[in-house]
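This report refers to the structure that appears directly beneath it.
No lab work stands behind these numbers, since they all come straight from the coordinates. Just so it is clear, the structure is predicted and the values come from calculations on it, not from any experiment.
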Amino acid sequence: MAKKVLLPEEQALVSHLELKKAKVPLKTCFKLSLKNMWKKKFRYLVMFLICSLSLTFFSVTIELNGEKLRQNVYTMIENGYRYTDIYEHVELSEKELKENEYNKYAYTTLQGNSLKTIKESVTDITIHEYKPVEIKYANLNLEMSNYFYTGYINSIIRFDASNNYDLIAGRLPKPNTKEILITDYLAAAFDYFDIYPSINSIYDYLNQRINLTHNDNYIIVGIIKTNYDQWTHFSTVESVKTEDKENYSYLNDFTFMNSVILNDEYFEIEKISDNPSMLFINSDTDEKNNVANWTFSVKDSTDSSKTIYYGYNEPDEDPTLGSYAISSNNLNILADEGWLTPFGRAPESDDEIVISYKLISHLFGYNWTYTKYRDWHDYRNHQRIWNNIKDKEITITLTGTDEYPYDYEKTYKIVGITNSTQNVSSVNANAVQVSEAEYQNIYYTYNTDEEKILVELPNDSVEAYNLFNRTLEAGYVIDVWAYQQDIDTYIVDPFLDLASKAGLFIFAIFTMGMMWTIISIEIVDSKKEIGILRSIGLSGGKVAFIFIFQTSVIILLSYFVGVFGGYKIIPLLNNGITDEFGKVTLYLYSFTYRTPLYLALLVILMTAISTIIPLFKILSQKIIDVINERDN
C-alpha cells in the first residue's frame with residue numbers, strides 16, 4: 001500500500017496536535033476493582049480462605065504466652081470470686097523487681113482513711129470497709145448451729161451511700177441513726193434459729209430490733225441480696241474443708257454475707273472489740289498481751305505541790321502490782337451491802353473516770369475495809385472516804401512497750417468507785433472505767449487498727465483485669481492471687497510451650513509468606529490488564545489503587561475472620577487445664593487486645609509488601625513491554 005503524502009497544511013495541523021491522558025474518576029476505579037473481583041471470584045475466594053486461616057492461626061499463637069497477672073485475675077473470676085481484699089502497694093527496688101515477676105505487685109496493710117482515698121482515685125469501684133467481730137445472736141438455740149449457720153455475726157460493714165446495695169426489701173439507713181441493713185443470709189439464719197418467732201416473710205424483718213456488742217436496739221430497715229443462694233448446700237453438711245480450692249471464694253462471700261451494715265458513728269463504736277477493755281500490766285509475769293505499763297498519780301491532799309504516784313518506774317515499785325484494764329463497759333458502782341446509795345456513777349464525759357477501790361489506799365491513804373456485814377461504821381467510813389475523793393483529779397500515765405511504742409497521759413475527775421474486774425486475754429485485771437469516746441482515744445493510740453476493705457469484683461474477667469490495673473495506678477493492689485501457686489506450677493503442653501516461645505515469629509513469617517505469595521501471583525497474572533489500563537489513560541497511581549483496593553478488601557475480611565476465630569478458639573485451649581487435683585479450672589489463655597492489635601499491624605505490613613513492591617516493578621516498565629511480556 002502506497003503511503004499517503006501529507007499536504008503542507010495537513011502537516012501544520014498535525015504538528016499542533018497535543019496528546020492528553022484520559023481522565024478516569026475514582027468512582028470508575030472502584031467499579032473496575034469490584035468488576036475484576038467478581039470476574040475472578042473463585043480465585044479471590046481461595047485467597048480469602050487462605051488468608052483467614054493464616055490469620056486465625058496467627059491470632060491463637062499470639063495469646064499462647066499468657067501474662068501472669070491476667071491468668072490470676074481470670075482464674076479467680078471464672079471460679080466464682082466476687083469479693084476480695086485490697087491492700088496498699090509497696091514500691092520495691094529495681095533489683096527486687098527483677099527477682100520475681102510478682103514483686104511489682106507487692107503490698108502491705110492499709111493505712112487510715114484508705115477508703116476515701118481509693119474512692120477518689122479509682123473510677124468505677126465498689127468497696128466496703130469491714131471489721132471482723134464475733135457477735136452472738138443465737139443465745140437460746142446455739143446448740144442448733146452448724147458450719148453454715150454459726151449463730152454469730154462475723155463482720156460489720158460501714159454504710160457508704162455512694163455504693164449500690166441490691167435491696168430485696170426495705171430502704172437504706174438514714175444518716176446518724178441506729179438504722180442498719182442485714183443480708184439475705186442473716187435473714188435466713190435468724191429464721192433457722194427462730195430469733196424472731198413472729199416472722200412470716202422477709203418483709204417482717206423490717207423495723208425489728210437487734211442488739212450488737214456496745215449498743216442495743218438497732219433497727220433493721222433493709223435487707224440486701226448477696227451470693228447466699230449459691231452456698232445454701234453447705235447448710236446440710238457438718239463441715240467443709242476451707243483449704244479445698246473450690247471453696248476459696250466461699251470464704252470471702254461469707255465475710256459479706258454474714259455481716260450487718262452500720263452508719264459511720266456506730267461502725268466506729270462496734271468495731272472496737274467484742275470485749276472493750278485494754279490490758280495494762282505492772283508485774284514480772286511473761287504476759288504477752290500487755291499494751292503498756294501504767295502509773296496513777298494524784299496531788300497530795302496535804303501539800304498540793306507534791307504528787308503521789310503509784311505504778312510503773314517508781315522507786316518502791318512492787319513487782320506484783322498486778323494488772324489494770326481500762327474499760328468502757330458499765331462496771332459495777334460500789335454500794336455497801338444494805339445501803340442503797342452507790343458511791344458515784346458511770347462516766348458521762350471524756351474527762352471523768354470510775355476507779356477501782358484498790359487504788360484508794362495507794363493514792364489517798366484511806367483504808368477501804370469491811371469489818372462485818374451491813375456495818376454502820378463501815379458505811380460511815382466509806383461515805384467519808386467517798387466525800388473526800390469524789391471530783392478529785394487523777395492522772396493516768398501509760399508508758400508504751402517495745403511492741404506498742406506509744407505513750408498516753410490524761411487527767412480525769414473521779415466520779416465513782418468500783419470493785420469490778422475485767423477478764424482480758426485470760427488475765428483477771430482490776431478495772432477503771434472511762435467514757436466510750438475516751439476509750440476510743442486510748443484504743444486508737446495503741447491499736448493502729450489498719451483498715452480492712454473488701455472490693456466487689458466484676459463478673460466479667462476483662463473488666464476485673466482493667467479494675468486491677470486502675471487500682472494499681474492509684475497505689476493499691478487487689479488480692480487476686482488465690483490460685484497463684486497452681487498457675488505457676490502447672491506444666492504446659494510441650495507443643496503449646498514451644499509455640500508460645502518460637503511460634504509467634506515462625507507463624508508470622510509463614511502467614512506473611514503465604515499472603516505475599518498469593519497476592520503477588522494475582523498481580524503478576526494481571527500484568528496485561530495493568531498494561532491495558534495504563535494504555536487507555538489511567539495513571540500509575542490509579543492502577544495501583546485498583547489492585548491495592550482489591551487486596552485490602554480480601555485482607556480486611558480475613559482480618560475480621562482471624563480476630564473472631566481467635567476470640568472463639570483461644571478460650572477453648574483452657575479446657576482440661578486444672579490444678580493437680582482437678583478441682584479448679586485454670587485460665588491460662590485468654591483473648592486480649594494483643595490479638596486485634598498485632599493482626600492489624602501484620603495486615604498493614606502484608607498489604608504494603610505484597611502489593612506495593614510487585615506493582616512498583618510492573619509500573620516502572622513501559623506499557624508496551626508489560627503487554628508484550630504477558631503475551632509472550
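For Thr578, the amide hydrogen comes within under 5 Å of the amide hydrogens of Leu586, counting only partners 5 or more places away or on other chains and with H modelled in the peptide plane.
Measure up Lys131/Lys174; Lys136/Lys390; Lys119/Lys583; Lys116/Lys178; Lys119/Lys271; Lys40/Lys568 against 29 Å on the Cα-Cα distance and list the ones that go over.
On the way: Lys131/Lys174 21 Å; Lys136/Lys390 38 Å; Lys119/Lys583 36 Å; Lys116/Lys178 22 Å; Lys119/Lys271 21 Å; Lys40/Lys568 31 Å.
The answer is Lys136/Lys390; Lys119/Lys583; Lys40/Lys568.
Using the Cα coordinates of region 120-246, the gyration tensor eigenvalues translate into equivalent-ellipsoid semi-axes of 24, 21, 14 Å, sorted from longest to shortest. Amide H contacts under 5 Å for Thr418: Leu334, Ile355, Ser356, Tyr357, restricted to partners 5 or more places along the chain or on a different chain, H placed in the peptide plane at 1.01 Å from N. Annotation: amide H of Gln208 within the under-5 Å range of Ile220, sequence separation 5 or more or interchain, hydrogens built in the peptide plane. P(r) tail, region 36-178: Cα-Cα pairs separated by more than 20 Å, 75% of all pairs.
What the Cα convex hull of region 37-117 gives, in volume per residue, is 221 Å³.
With the cut-off at 18 Å, tell me which of the pairs Lys31/Lys542; Lys299/Lys392; Lys306/Lys392; Lys39/Lys542; Lys104/Lys452 have Cα atoms farther apart than that. Intermediate results must be reported in sequence, preceding the final value.
Details: Lys31/Lys542 12 Å; Lys299/Lys392 9 Å; Lys306/Lys392 15 Å; Lys39/Lys542 20 Å; Lys104/Lys452 22 Å.
Where the Cα-Cα span goes over 18 Å, the pairs concerned are Lys39/Lys542; Lys104/Lys452.
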